[in-house]
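The values are calculated or read from the model by the stated rules, or taken from the named source; none is laboratory data. Computed from a predicted structure; not experimentally measured. In this analysis, Cβ positions are derived from the backbone assuming ideal geometry, glycine residues included, and neighbour counts consider all displayed protein chains.
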Amino acid sequence: MDHTSTTKSIVIEYDSKLIKELKTVYGKSVNVALNYLTKPPERYYFRVNVLRISPGDLLDEMRSLGYEVYVDEMFSEALWFPVRGPQKLSEEKCQVIVDKRTAESVMLGANVYAPGVIRLVDCTRPGDYVSIVSPNDIIVGNGVLVKGFEENLRAGRGLVVKNVRPLYHVPSLRSTKWYIEGYIYEQSISSMMVAHVLSPRPNTVIVDMCAAPGGKASHVYELAVGRVRVIALDHSRSKIAKMRSEFRRLGHRIESFRMDSRYADQELGEGFADYVILDPPCSSLGVIPKVYDKKTYSDIINFARYQRQFIRSAYRLLKPGGVLVYSTCTITLLENEENIAYAVEELGFGLEDVEPKRWSRGIGPYGYYAQRVHPHIHGATGYFIAKLVKK
């Protein structure tokens with residue numbers, strides 16, 4: 001029997017084989033873990049660009065303007081807002097139906113842009129107060145139709161709805177001077193850990209194989225105070241363009257190239273890099289909050305096989321003694337510990353303990369050296385991080 005976890009119309013639906021896989025991680029707590037996937041993180045994190053402003057100065061400035069903002073206990077550049085909610089939302093005649101990704105962003109305060117709109121129902125003019133609705137009929141926010149929304153929809157770009165009351169409340173940063181001037185970057189605390197684990201030496205070469213949207217590459221550059229060469233790769237032309245725009249906003253000199261990273265060693269050369277960051281496409285089971293999710297065990301097998309193509313390329317791309325930090329935003333064994341076992345047993349990678357210690361160890365003998373973030377335990381995006389060394 002398939003497992004379905006439902007909160008109103010919010011559904012997490014995984015087949016029985018996938019549930020069996022997740023029970024090897026969570027045991028009897030699997031239902032608790034799955035139910036938590038519909039909830040947001042307890043803290044909404046953003047990162048201070050330490051090359052433009054000190055975290056302390058930005059913290060003082062934001063607090064002086066009335067923001068309830070705190071500094072992370074471990075990483076001084078990581079600031080966060082408490083996530084409040086859920087808020088009561090109204091069901092309006094005018095409804096804007098949005099896709100899954102947009103709905104999950106709207107829940108935490110994002111505006112609605114034309115590419116994320118599926119259709120409009122009974123919406124007639126700018127200024128209409130609307131319900132923003134997910135594909136499975138969850139109201140994720142209330143907002144206002146903006147002037148020119150029809151033209152933006154026809155063009156397939158531009159703002160459609162200004163979100164004025166999301167399901168969960170966090171302050172909006174995108175329109176602030178801190179965002180516009182490149183002082184901050186919105187990033188989960190789970191993802192921020194990767195740059196700290198990498199901790200590169202100065203004057204070394206770092207390749208981020210699946211870099212978009214650029215959070216890890218830019219974070220590494222900042223922690224190294226720009227004294228490293230960072231090369232960011234992605235196969236998508238549009239993602240590369242957006243990533244380059246982000247690097248310009250932050251003021252970073254990071255090289256970026258459109259490339260299928262499964263063949264990065266052929267393009268850049270074997271033994272090219274001192275460090276590699278690999279956060280490959282994955283099943284994203286750890287990403288929260290979800291309005292719905294439906295996956296099968298076969299999906300997970302396909303992701304794991306795909307990820308191993310990147311791991312093989314990373315091995316060839318690294319110099320002897322080079323470091324690979326492998327991470328995913330998912331919680332399965334196949335995409336995490338079993339891929340690390342493959343990297344060690346089949347490719348010959350060595351395995352090092354992930355430092356600094358912050359969350360839970362992984363599962364099994366290889367997972368012992370890794371770290372896992374469990375959403376229902378740590379209140380953050382589900383994540384896996386391992387550190388491997390090319391012998």
Qualifying positions in the range 325-360 - surrounded by 16 or more Cβ atoms within 10 Å (Cβ to Cβ), among the charged types (D, E, K, R) and over 19 Å from His378 (Cα atoms): Glu335, Glu337, Glu338
Candidates Asn339, Asn302 - the one that is farther than 20 Å from Gly215 by Cβ and free of Cβ contacts under 8 Å to residues at least 24 places away in the same chain: Asn302
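Quick check, is Ser284 surrounded by fewer than 20 Cβ atoms within 10 Å (Cβ to Cβ) and either at positive phi or not assigned by TED's automatic domain parsing to the domain that holds Ala211 (or both)?
Details: surrounded by fewer than 20 Cβ atoms within 10 Å (Cβ to Cβ): yes; either at positive phi or not assigned by TED's automatic domain parsing to the domain that holds Ala211 (or both): yes.
Against the criterion (surrounded by fewer than 20 Cβ atoms within 10 Å (Cβ to Cβ) and either at positive phi or not assigned by TED's automatic domain parsing to the domain that holds Ala211 (or both)), Ser284 qualifies.
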Those residues of the range 95-134 which are under 24 Å from Gly85 (Cβ atoms), charged (D, E, K, R) and surrounded by fewer than 18 Cβ atoms within 10 Å (Cβ to Cβ), in sequence order: Asp99, Lys100, Arg101
Hey, Ala224 touching a residue at least 60 places away in the same chain (Cβ under 8 Å) and aliphatic (A, V, I, L, M) or not: no
First in the range 175-190 and over 14 Å from Ser54 (Cα atoms), second anywhere and among the β-branched types (Val, Ile, Thr) and in a loop (DSSP other than H, G, I, E, B), Cβ under 6 Å, 6 or more apart: Ser188/Thr381; Ser190/Thr381
Residue list for the range 254-265, restricted to those being in contact (Cβ under 8 Å) with a residue 40 or more places away in the chain and either surrounded by fewer than 20 Cβ atoms within 10 Å (Cβ to Cβ) or not small (Gly, Ala, Ser) (or both): Ile254, Arg262, Tyr263, Asp265
Helices (runs of 4 or more DSSP H) wholly inside the range 141-228 that include at least 3 residues being surrounded by 15 or more Cβ atoms within 10 Å (Cβ to Cβ) and small (Gly, Ala, Ser): 189-198, 215-223
Residue within the range 12-34 that is modelled with pLDDT under 95 and part of a strand (DSSP E or B) present: yes
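With the structure loaded, tell me whether Val354 is closer than 30 Å to Ala103 by Cα and part of a loop (DSSP other than H, G, I, E, B) or whether it fails that test. Let's see the steps before the verdict.
Numbers: closer than 30 Å to Ala103 by Cα: no; part of a loop (DSSP other than H, G, I, E, B): yes.
No: the conditions fail for Val354.
If you go through the range 50-59 one residue at a time, do you hit one that is more than 30 Å from Ser199 (Cα to Cα) and of a type in the set (Gly, Ala, Ser)? Give the steps one after another, and end with the answer.
The first filter runs over the range 50-59 and keeps only residues more than 30 Å from Ser199 (Cα to Cα), leaving none.
Scanning the range 50-59 turns up no residue that is more than 30 Å from Ser199 (Cα to Cα) and of a type in the set (Gly, Ala, Ser).
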Scan of the range 191-216 for residues that are β-branched (Val, Ile, Thr) and under 21 Å from His378 (Cα atoms), ordered by number: Val194, Val197
